[in-house]
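These notes are about the structure you will find just below.
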Amino acid sequence: MSRQLVYSIVLLVGAVLIAAVLIALRPEPVEEERVEQVPLVEVVGFEAASGPIPVLGSGTVQARDEVTIGAEVSGRLTYVHPAFREGGVVPKGATLLRIDESDYINQVRVAEADVAAQGIAVLEAQEEVEIAREELQRFDARALAAEGAGESDTRILAPRTIDEVKAEALDRPAEADAVERGLATREPQLESAIASKDRAEANLSDAQIRLGRTRVRAPFGGLVREESAAIGQLVQPGEPLGSLVSTNAYEVRVSLTADEAALIPGLLNASRARVPASVTYTYGGLV
């Protein structure tokens, strides 16, 4: 027998002995209790019932009211509300901006002076009308007295006689006589003075309105979305100086499919349907 064959037989016998020793020394397997797995599907029985079906949707919250803040008169800004900044909250009626009112105060004073002057002119016209009426009444009385006595007073009716005056009165229409008597009593001058006073009062009202518009107030309490106003800035009428968003009410536009909208009773049939809804919002990671 060759030496190589002997080595192979010895190696094989050694391997068998090692395997037998390992099998003999192996530990006994630990028995574990079998745990039943939870089923993946759970069956629930349906029951017929009636009630609202929840419809879920999402949308963007928008303020219902938003206005652009601007000046109605020109001038230089002398005051800006401290909260009139982006993100600031201002109360209703707060003075947001104030424009230099010096020129507008002078306009009011000039208009007040004009009203006072026109008032004096009306009083003078009224006095003149009263005097003219008294003179006309005295003239008519003396003319009738002269007509009754059959005399002609050239100092009163010169160069015409009473007969000429009577003949002219018969030929003249009543409207023309009324116009002539109105001119004689200076009533048109009184009406002109009254019209001038009315015009002066209207100018005073306009000046007071312009003076009031030098203060820009918040129409409602809200949040300042944007602003571009600073003290010393020269502004013009209609120039936008910021925008204010109301915090009183908001609107949410929710997009729904036709099938989802059909689940809401009355939504598709009525144009102004009021459907109760529960609204939650997410802001800064909070719900």
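Bear in mind these aren't lab numbers, they're just calculated from the coordinates by the rules spelled out. Everything quoted here is computed from the prediction, not taken from an experiment. Here Cβ is always computed from backbone atoms with ideal geometry, including for glycine, and neighbour counts include all displayed protein chains.
A compact table of results
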| read-out | value |
| --- | --- |
| Sorted by Cβ neighbour density within 10 Å, fewest at the top, the residues SER8, SER50 | SER50, SER8 |
| Under-5 Å amide H pairs with VAL254, H placed in peptide plane, nonlocal only | none |
| PHE220-GLN126 FRET efficiency (beta carbon distance; Förster radius 45 Å; 0.05 resolution) | 0.35 |
| HN-Hα J in Hz across the range 84-95 - Karplus 6.51, -1.76, 1.60, θ = phi - 60°, x for Gly and Pro | 7, 9, 4, x, x, 10, 10, x, 5, x, 5, 6 |
| Distance from the range 188-212 to the range 240-254 (C-alpha centre basis), Å | 41 Å |
| Amide H within-cut-off set for ILE69, under 5 Å, with H built and near neighbours excluded | LEU241, GLY242, SER243, LEU244 |
| Nonlocal amide H pairs with ARG217, under 5 Å, H built at 1.01 Å | LEU96 |
| Förster radius 35 Å - calculated FRET efficiency between TYR281 and SER228 (Cβ-Cβ, nearest 0.05) | 0.75 |
